[in-house]
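The values are calculated or read from the model by the stated rules, or taken from the named source; none is laboratory data. Here the structure is a predicted model, which is why all the values come from computation and not from measurement. We place every Cβ from the backbone using ideal geometry, glycine too, and count neighbours over all the protein chains shown.
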């Protein structure tokens, strides 16, 4: 198995900075049999990675079981129980093409009640703004270099690189060289990769997968 397929992410931000409450209000913790991250993109809709709502990946028997066990935590920077509010899922949908890491990796969580006091994240709709080389700010509730997880962290803007060295599809993913020690890891899966587009941060990618040690690369679904 190639290095690129060794670790699907339930990943955390390693060597990142602690976010403060309100800094990334649209970034949420997604919880079921795994810990993931997501982004509020409409009042009743969270965007995350497919594997975070994919029944076989979660060890669940049906999509109904995934929905029944999925919740979203908002208004917190500590998903281990540091306040905020929790909303149950009313439906969960992984992209049909997802089977294994490296496949198209997009999932949706429909919320049982709308969030009316947070403006949804802005999505990048311009492919040219997400070319290889764009500087990404990665945000997630995943593990840290010390192994702890559940706190919301973010990286300084980091230039994306070609995915070719990792046998990853450049057309589908933006990659980040994590040999410097910063990037995505367990618990960050589905978390946003943000880039400045037209003077504001927009979501240009989703944390998808990387190497098992979180030390070589991270791949973000465009």
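Suppose we filter 71, 155, 116 for residues that are surrounded by 14 or more Cβ atoms within 10 Å (Cβ to Cβ) and at pLDDT 95 or above; which single one remains?
The unique qualifying residue is 71.
Condition check: touching a residue at least 60 places away in the same chain (Cβ under 8 Å), buried (at least 21 other Cβ atoms within 10 Å of the Cβ), closer than 29 Å to residue 69 by Cα and under 18 Å from the mean Cα position of the chain (by Cα). Does residue 123 satisfy that? Don't jump to the end; show me each part of the working.
Details: touching a residue at least 60 places away in the same chain (Cβ under 8 Å): yes; buried (at least 21 other Cβ atoms within 10 Å of the Cβ): no; closer than 29 Å to residue 69 by Cα: yes; under 18 Å from the mean Cα position of the chain (by Cα): yes.
Against the criterion (touching a residue at least 60 places away in the same chain (Cβ under 8 Å), buried (at least 21 other Cβ atoms within 10 Å of the Cβ), closer than 29 Å to residue 69 by Cα and under 18 Å from the mean Cα position of the chain (by Cα)), residue 123 does not qualify.
One line per residue, one yes/no per condition, for (1) touching a strand residue (DSSP E or B) at 6+ places or on another chain (Cβ under 6 Å); (2) at pLDDT below 95; (3) in a loop (DSSP other than H, G, I, E, B); (4) surrounded by fewer than 24 Cβ atoms within 10 Å (Cβ to Cβ):
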{"residue": "1", "(1), (2), (3), (4)": "no, yes, yes, yes"}
{"residue": "4", "(1), (2), (3), (4)": "no, yes, no, yes"}
{"residue": "21", "(1), (2), (3), (4)": "no, yes, yes, yes"}
{"residue": "24", "(1), (2), (3), (4)": "yes, no, yes, yes"}
{"residue": "28", "(1), (2), (3), (4)": "yes, no, no, no"}
{"residue": "33", "(1), (2), (3), (4)": "no, no, yes, yes"}
{"residue": "38", "(1), (2), (3), (4)": "yes, no, no, no"}
{"residue": "41", "(1), (2), (3), (4)": "yes, no, no, yes"}
{"residue": "46", "(1), (2), (3), (4)": "yes, no, no, no"}
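Could you tell me which numbered condition residue 84 fails, if it satisfies all but one of (1) touching a residue at least 60 places away in the same chain (Cβ under 8 Å); (2) out of contact with any helix residue (DSSP H, G or I) (no Cβ under 8 Å at 6 or more places or on another chain)?
Single failed check for residue 84: (1).
Does segment 171-191 hold any residues that are on the phi < 0 side of the Ramachandran plot and more than 18 Å from the chain's Cα centre (by Cα), and which are they?
171, 179, 180
Tell me which residues, restricted to segment 59-86, are assigned to a loop (DSSP other than H, G, I, E, B) and farther than 20 Å from residue 18 by Cα.
Taking segment 59-86 and keeping what is assigned to a loop (DSSP other than H, G, I, E, B), we get 59-62, 70, 75-77, 79-84.
Within segment 59-86, 59, 60, 61, 62, 70 meet the criteria.
Exactly one of (1) assigned to a loop (DSSP other than H, G, I, E, B); (2) in the same structural domain as residue 53 (by TED's automatic domain parsing) is unmet by residue 89. Its number?
(1)
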